[in-house]
Amino acid sequence: MHACSLADFMEALKPWLSGEYIRKAYIDEQGNFVVYFVDGVKNVYRIDDCSGEQLKEVLKDFEAKGIPVAIPGTFPETDVSTA
């Protein structure tokens, strides 16, 4: 798990913010931001300087960029497909 600020999180993911690189993203039950990349890598981020509402806004931004956004529990942990 990566612990970071929201600004650091957004800066780290900036080059990858498209459906071409990210298969799906969601906020898990613990409030962590989970990102699955198309190469099968799963990264979990603990963003420690923002609210859950701010994270939901980030998800909306991801979705606007063509990145599939999931509700926790809708995808099995081992599933990296978008179908």
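When segment 40-60 is limited to residues that are free of Cβ contacts under 8 Å to residues at least 24 places away in the same chain and out of contact with any strand residue (DSSP E or B) (no Cβ under 9 Å at 6 or more places or on another chain), the one that is surrounded by the fewest Cβ atoms within 10 Å (Cβ to Cβ) turns out to be GLU53. When segment 10-28 is filtered for residues that are part of a helix (DSSP H, G or I) and either touching a residue at least 12 places away in the same chain (Cβ under 8 Å) or under 9 Å from the mean Cα position of the chain (by Cα) (or both), the ones remaining, listed by number, are MET10, LEU13, TRP16.
Would you be able to tell me the number of residues in segment 46-68 that are in a helix (DSSP H, G or I), closer than 21 Å to ARG23 by Cβ and not charged (D, E, K, R)? Qualifying residue count, segment 46-68: 5. Among the residues that make up segment 58-71, is at least one of them modelled with pLDDT under 95, closer than 17 Å to GLN30 by Cα and not hydrophobic (A, V, I, L, M, F, W, C)? Looking through segment 58-71, none of the residues is modelled with pLDDT under 95, closer than 17 Å to GLN30 by Cα and not hydrophobic (A, V, I, L, M, F, W, C).
The values are calculated or read from the model by the stated rules, or taken from the named source; none is laboratory data. Quick caveat: nothing in here was measured; it's all calculated off a predicted structure. All Cβ positions, glycine included, derive from the backbone under ideal geometry; neighbour counts span all protein chains shown.
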